[in-house]
Amino acid sequence: MRRIQMTVDGRAHVAEVEPRLLLLHHLRENLGIGGVHTGCNTTSCGACTVHIDGESVKSCTVLAVQADGHEVTTVRGIMENGLWHPMQQAFHEAHGLQCGYCTPGMIMASISLLKENPDATEQEIREGLEGNLCRCTGYENIVKAVQLVQQHTNGQPA
Amino acid sequence: MIPIAFDYEVAESVDHAIELLKENGDEAKLLAGGHSLLPIMKLRLATPTVLIDLGRIDDLNYVRDEGDHLAIGAMTRHCDMERDATLQEQCGLISYTASLVGDPQVRHRGTIGGSVSHGDAASDLPSALLALEANFVIKGSGGERTVAAGDFFEDYLQTTLAPDEVLTEIQVPKLNGAGWSYKKFNRRAQDWAVVGVAAVVERSNGSIGSARIGLTNMGSTPLRATAAESALSGADPSSVAEATSSADEGTSPSSDIAASSEYRRHLARVLSRRAVEEALSR
Ligand SMILES: Cc1cc2nc3c(=O)[nH]c(=O)nc-3n(C[C@H](O)[C@H](O)[C@H](O)COP(=O)(O)OP(=O)(O)OC[C@H]3O[C@@H](n4cnc5c(N)ncnc54)[C@H](O)[C@@H]3O)c2cc1C
Ligand code: FES
Ligand code: FES
């Protein structure tokens, strides 16, 4: 067992974990964050995407011990002052989800994408989300949701 | 989908990592980004009993201008290389190839050192590094040695790295005026290359001076297309198609669900032509 300490969604957490424990399982099972979804468990689908120090990662392919000392953000931690994060609002408005299974990962990947490339073109948005699979929407409305956030940020009416 | 139990050690420095490797023998493995190692550990295709994490060694993540070449620290991530202005300007082949690896989440974790050390012929950076005639700096209990990319890859997932050695730095030449290209052929976004071709082409008085071509996924290791390289040397740019028709000579690509061996040979020839043509236009 190894003692780790990380900030998750703004709160410090200390835990004793087995080195083989995946960050995904630590977040879901030890911290009860059901919003971090398990999809493929093989680094393909992106449903498990969270941020480490503000960058998107697939938590099924990170050991909890690797996140020791780092700042982890999940979809649970992105609301601001009790309001949805602009990306959540945009997925809602643009119908960027149907069953919702991919959505937490899509939202976390999209936030990371716009942070790195605020003016991403449609093509760049599609490429930037290539690590996230959606079996429902056909991606169109997901891309529109990300563009909606860009428009809001640039102060243009949607 | 859960690895077997293992002990976890944090390396404080390269020397400390070497010490830990020596202490733990064959059972130990270095952990860089974990994006090759953890997936195979989850499938229990790899069962190391000790992982030595290089992730806390800060001074292995860098790109430095060393005059005649650029030095890249082994723990530099794909996303760091993708964005690095020095690499973009002086060795665009590396920043561009890094940008094609996996997806953004993979590039936020995976490192150049892990890509090289894993020795997977399907990886993109190793064939680019072959075409660049890069050098690898390796440190072990016996001291430091520098190995040419061409001497590093030995067989399927096998490299010249000894069990107690750490790859610390990758040295790539500045491209100056040379043209470059990487052509990755895959069936879906995010996928590994069915075949990939890296080209570095030097021009001389309207002809091709020299061309170096690295092949991804055309055998058990990344390979050079030596026959095509000889045919291109001194050739007129109008003869690229003919010269690259031997790009699959000396390769032994496998057949799998993505492509037959014959189709891979075809791809190697076509992509080599496209890569050299693009390199000439840059
Ligand atoms: C979904 C997915 C898609 C991918 N797609 C691609 C792709 O399209 N193209 C591509 O090229 N790669 C791809 N990869 C692999 C990715 O690039 C990996 O990050 C990379 O191959 C390994 O780097 P790492 O830092 O994660 O290494 P790790 O997984 O940590 O280590 C890999 C191996 O190298 C050893 N090692 C690591 N660092 C050192 C060192 N400094 N010295 C000595 N030994 C060391 C480890 O012990 C281990 O055996 C993909 C991976 C995933 C999960
Ligand atoms: S569950 Fe992690 S990528 Fe699918
Ligand atoms: S909304 Fe169902 S998988 Fe994306």
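The values are calculated or read from the model by the stated rules, or taken from the named source; none is laboratory data. Note that the coordinates shown come from a computational prediction; the quantities given were computed from them, not determined experimentally. Backbone-built Cβ (ideal geometry, glycine too); neighbour counts: all protein chains shown.
Remark: pairs (first residue in the range B:174-191, of a type in the set (S, T, N, Q); second residue not in a loop (DSSP other than H, G, I, E, B); Cβ separation under 7 Å; 6+ apart in sequence or on different chains) = B:S181/B:A199; B:S181/B:A275; B:S181/B:E278; B:S181/B:A279. Of all residues in the range B:55-66, exactly one satisfies the criterion of being within 11 Å of chain A (Cβ to nearest Cβ) and either of a type outside the set (D, E, K, R) or touching a helix residue (DSSP H, G or I) at 6+ places or on another chain (Cβ under 7 Å) (or both), namely B:G55. Within the range B:34-41, is there a residue that is in contact (Cβ under 8 Å) with a residue 60 or more places away in the chain and more than 8 Å from every other protein chain (Cβ to nearest Cβ)? Yes: the range B:34-41 contains one or more residues that are in contact (Cβ under 8 Å) with a residue 60 or more places away in the chain and more than 8 Å from every other protein chain (Cβ to nearest Cβ). Of all the listed residues (B:V197, B:V240), the sole one being in contact (Cβ under 8 Å) with a residue 12 or more places away in the chain and either assigned to a strand (DSSP E or B) or of a type in the set (G, A, S) (or both) is B:V197. Here is the figure for the range A:80-130: residues that are in a loop (DSSP other than H, G, I, E, B) and modelled with pLDDT under 95 total 2.
For the range A:26-54, which residues satisfy the criterion of being assigned to a loop (DSSP other than H, G, I, E, B) and within 11 Å of another protein chain (Cβ to nearest Cβ)? Walk me through how you get there before you give the answer.
At the first step, the residues of the range A:26-54 found to be assigned to a loop (DSSP other than H, G, I, E, B) are A:31-48, A:53-54.
Result: A:T38, A:C40, A:N41, A:T42, A:T43, A:S44, A:C45, A:G46, A:C48, A:D53, A:G54.
Does the range B:184-198 contain any residue that is more than 14 Å from chain A (Cβ to nearest Cβ), more than 17 Å from the chain's Cα centre (by Cα) and surrounded by 22 or more Cβ atoms within 10 Å (Cβ to Cβ)? No, the conditions are met nowhere in the range B:184-198.
Conditions (1) among the hydrophobic types (A, V, I, L, M, F, W, C); (2) in contact with a His (Cβ under 6 Å, 6 or more places away or on another chain); (3) within 16 Å of ligand 2 (Cβ to nearest atom), marked per residue:
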| residue | (1), (2), (3) |
| --- | --- |
| B:E133 | no, no, no |
| B:A148 | yes, no, no |
| B:T159 | no, no, no |
| B:K174 | no, no, no |
| B:W180 | yes, no, no |
| B:R187 | no, no, no |
| B:Q190 | no, no, yes |
| B:V201 | yes, no, no |
| B:G214 | no, no, no |
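In the range A:91-106, the residues that are within 14 Å of chain B (Cβ to nearest Cβ) form Cβ pairs under 8 Å with partners that are near ligand 3 (Cβ under 6 Å from one of its atoms), at six or more places apart or across chains, as follows: A:C102/A:C134; A:C102/A:R135; A:C102/A:C136; A:M106/A:L97; A:M106/A:C134. For the range B:90-100, check the following and say yes or no: at least one residue is within 16 Å of ligand 2 (Cβ to nearest atom) and not assigned by TED's automatic domain parsing to the domain that holds B:V276. Within the range B:90-100, not a single residue is within 16 Å of ligand 2 (Cβ to nearest atom) and not assigned by TED's automatic domain parsing to the domain that holds B:V276. Here A:M87 does not fit the description of being away from ligand 1 (no atom under 16 Å from the Cβ), crowded, with 19+ Cβ neighbours inside 10 Å and within 24 Å of B:E9 (Cβ to Cβ).
Among the residues of this structure, A:T74 does not count as one that is buried (at least 18 other Cβ atoms within 10 Å of the Cβ), at the interface with chain B (Cβ under 10 Å from one of its Cβ atoms), polar (S, T, N, Q) and within 16 Å of ligand 2 (Cβ to nearest atom). Contact annotation: residue pairs with Cβ atoms under 6 Å, 6 or more positions apart or on different chains, pairing a residue in the range A:56-69 that is facing chain B (nearest Cβ under 8 Å) and closer than 17 Å to B:L51 by Cβ with a partner that is among the charged types (D, E, K, R) and assigned to a strand (DSSP E or B), are A:V65/A:R2.
Suppose we keep only residues that are under 19 Å from the mean Cα position of the chain (by Cα) and over 15 Å from B:L30 (Cα atoms) within the range B:45-65. Which one would you say is surrounded by the fewest Cβ atoms within 10 Å (Cβ to Cβ)? Ranking the qualifying residues of the range B:45-65, first place goes to B:R64.
Residue pairs whose Cβ atoms lie under 6 Å apart, sitting 6 or more positions apart in sequence or on different chains, and linking a residue in the range A:126-145 that is within 14 Å of chain B (Cβ to nearest Cβ) to a partner that is modelled with pLDDT under 95 and part of a loop (DSSP other than H, G, I, E, B), are A:E130/B:A189; A:E130/B:Q190; A:G131/B:Q190.
Can you give me the number of residues within the range B:216-237 that are in contact (Cβ under 8 Å) with a residue 40 or more places away in the chain and farther than 30 Å from A:L129 by Cβ?
10
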